[in-house]
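Novice: Structure below; questions to follow.
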């Protein structure tokens, strides 16, 4: 009976990750204790939760573990893309680093949207702010101290404000 319980224990520990994911409790999932598994499905859920909650700092730890399955490798590429776009945008914003020579798979995460538009020159630069005018919203991309700020407006109302370092 003890062996059965020990074999079943990982399922019990990570069943809550699956339940929390279904309930969209992404902040609760994106924590370092959930990285203590080799189950690439669970690690992928943790990584997706980190992206959805804008907690990108755990992604490098997840990326390195996703290598045994096709799903894991695919998610590793997605997470790597987001991390690299974040770093490149930071260099662009703070140091004038050119991002024109970089190409990545198209994504819908806010950093990917900003990256694609900045790379294509689809912005207006005013008073230290990059203004990206999309069909449904306007994105303001700027720095404040050591942070990158991305504000999204729709119909003149702020719908999202995110910061990254």
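No value in this document is a laboratory result; all are computed from the given coordinates. Owing to the predicted nature of the structure, the values given are computational and were not obtained by experimental measurement. Cβ coordinates were reconstructed from backbone atoms using ideal geometry, including for glycine residues, and neighbour counts include every protein chain displayed.
Novice: For the range 102-165, what does the equivalent ellipsoid look like in terms of its semi-axes, each the square root of 5 times an eigenvalue of the Cα gyration tensor, given largest first in whole Å?
Specialist: Numbers: eigenvalues 55, 44, 31 Å².
Equivalent ellipsoid of the range 102-165: 17, 15, 12 Å, largest first.
Novice: Taking other Cβ within 10 Å of each residue's Cβ, how do 66, 134 sort, fewest first?
Specialist: Values: 66 21, 134 12.
Neighbour counts put them in this order, fewest first: 134, 66.
Novice: Can you tell me the FRET efficiency between residue 87 and residue 15 if r is taken as the Cβ-Cβ distance and R0 is 35 Å, rounded to the nearest 0.05? Let's see the in-between values first.
Specialist: Working: r = 35 Å, r/R0 = 0.99.
Taking R0 as 35 Å, the efficiency between residue 87 and residue 15 is 0.50.
Novice: Same structure, new question: With the Cα gyration tensor of the range 26-68 in hand, give its eigenvalues times 5 under a square root as the equivalent ellipsoid semi-axes, listed largest first in whole angstrom. If you can, show how the numbers build up before the last one.
Specialist: Numbers: eigenvalues 46, 20, 15 Å².
Sorted largest first and rounded, they come to 15, 10, 9 Å.
Novice: Just rank 53, 32, fewest to most, by other beta-carbon atoms within 10 angstrom. Kindly include the intermediate steps, with their values, before the conclusion.
Specialist: Numbers: 53 16, 32 10.
Fewest to most other Cβ atoms nearby, the residues stand as 32, 53.
Novice: While we're looking at this one, here's another question. Calculate the length of the line joining the C-alpha centroid of the range 40-70 to that of the range 82-112, in whole Å.
Specialist: After rounding, the separation between the Cα centres reads 19 Å.
Novice: Let me ask something additional. Taking the Cα atoms of the range 69-149, report the difference between the largest and smallest coordinate on each principal axis, in whole Å and largest first.
Specialist: Taking the Cα atoms of the range 69-149, the three principal extents are 47, 29, 22 Å.
Novice: Suppose only helical runs count, i.e. DSSP H with n ≥ 4. What mean residue ellipticity at 222 nm does that imply for the chain under -39500 (n - 2.57) per run, divided by all residues and rounded to the nearest 500 deg cm²/dmol? Intermediate results must be reported in sequence, preceding the final value.
Specialist: Numbers: 6 runs with 80 residues, N = 165.
Counting only the DSSP helices, I get -15500 deg cm²/dmol.
Novice: Considering the alpha-carbon set of the chain alone, what are its Rg and its Dmax in angstrom?
Specialist: Spelled out, the Cα radius of gyration and Dmax of the chain are 18.5, 68 Å.
Novice: Please list, by residue number, everything in the range 34-53 whose backbone N is under 12 Å from a paramagnetic label point 7 Å out along Cα→Cβ of residue 69.
Specialist: Residues passing the 12 Å test: 38-46.
Novice: Right, another one. By counting other Cβ atoms within 10 Å of each Cβ, how are 49, 160, 38, 112 ranked from fewest to most?
Specialist: Working: 49 23, 160 13, 38 10, 112 19.
Going from sparsest to densest Cβ surroundings: 38, 160, 112, 49.
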